[in-house]
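Structure first, commentary second.
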Amino acid sequence: MNLFSYFKPSTKGMQRVSAIQRASGIPGVDHLSAVAALEASGFWVLREGDHFVMTDGTRVLTIPRNDPVNALTMDGIVRDAGLTVDKFRELC
């Protein structure tokens, strides 16, 4: 990510772009669906508590027990898992 990904040109120069404008996220995914989709992509549950902690042997992901999981949080989890949004939606 470079400096210009946080700014957009306008008539008044560069304006800061909010996180919501940068990434729309993945709305409406409950935590159990997210865990099932990640298990289908090769992750397994290490621990359960207030959050699920999952790994594939290389990456470690933390999924909160929220229904639904915040859209921007879910987008970050999917990117950290090395998946695309389209691939994740196929797995859900």
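The values are calculated or read from the model by the stated rules, or taken from the named source; none is laboratory data. For clarity, every value in this text was computed on a predicted model and none was experimentally measured. Positions of Cβ are generated from backbone atoms using ideal geometry, with glycine treated the same way; all protein chains shown enter the neighbour counts.
Could you say whether any residue in the stretch 32-48 is part of a strand (DSSP E or B), surrounded by 15 or more Cβ atoms within 10 Å (Cβ to Cβ), among the hydrophobic types (A, V, I, L, M, F, W, C) and out of contact with any Lys or Arg (no Cβ under 8 Å at 6 or more places or on another chain)? Scanning the stretch 32-48, I find no residue that is part of a strand (DSSP E or B), surrounded by 15 or more Cβ atoms within 10 Å (Cβ to Cβ), among the hydrophobic types (A, V, I, L, M, F, W, C) and out of contact with any Lys or Arg (no Cβ under 8 Å at 6 or more places or on another chain), so the answer is no.
Within the stretch 41-59, residues that are more than 18 Å from residue 74 (Cβ to Cβ) have Cβ atoms under 9 Å from residues that are of a type in the set (Ser, Thr, Tyr) in these pairs: 44/55; 46/55, counting only partners at least 6 apart in sequence or on another chain.
Looking only at the stretch 59-89, residues that are under 17 Å from residue 45 (Cα atoms), among the β-branched types (Val, Ile, Thr) and within 9 Å of the chain's Cα centre (by Cα) come to 2 in all.
Each residue in the stretch 49-69 was checked for being surrounded by 12 or more Cβ atoms within 10 Å (Cβ to Cβ), of a type in the set (S, T, N, Q) and either assigned to a strand (DSSP E or B) or modelled with pLDDT of 90 or more (or both), and 2 pass. Considering the stretch 72-92, and only residues there that are in contact with a strand residue (DSSP E or B) (Cβ under 8 Å, 6 or more places away or on another chain) and among the hydrophobic types (A, V, I, L, M, F, W, C), the residue that is modelled with the lowest pLDDT turns out to be 92. Only residues that are more than 16 Å from residue 91 (Cα to Cα) and in a loop (DSSP other than H, G, I, E, B) were counted across the stretch 20-31, and they come to 3. With respect to the stated conditions, residue 30 is at pLDDT 90 or above and within 13 Å of the chain's Cα centre (by Cα).
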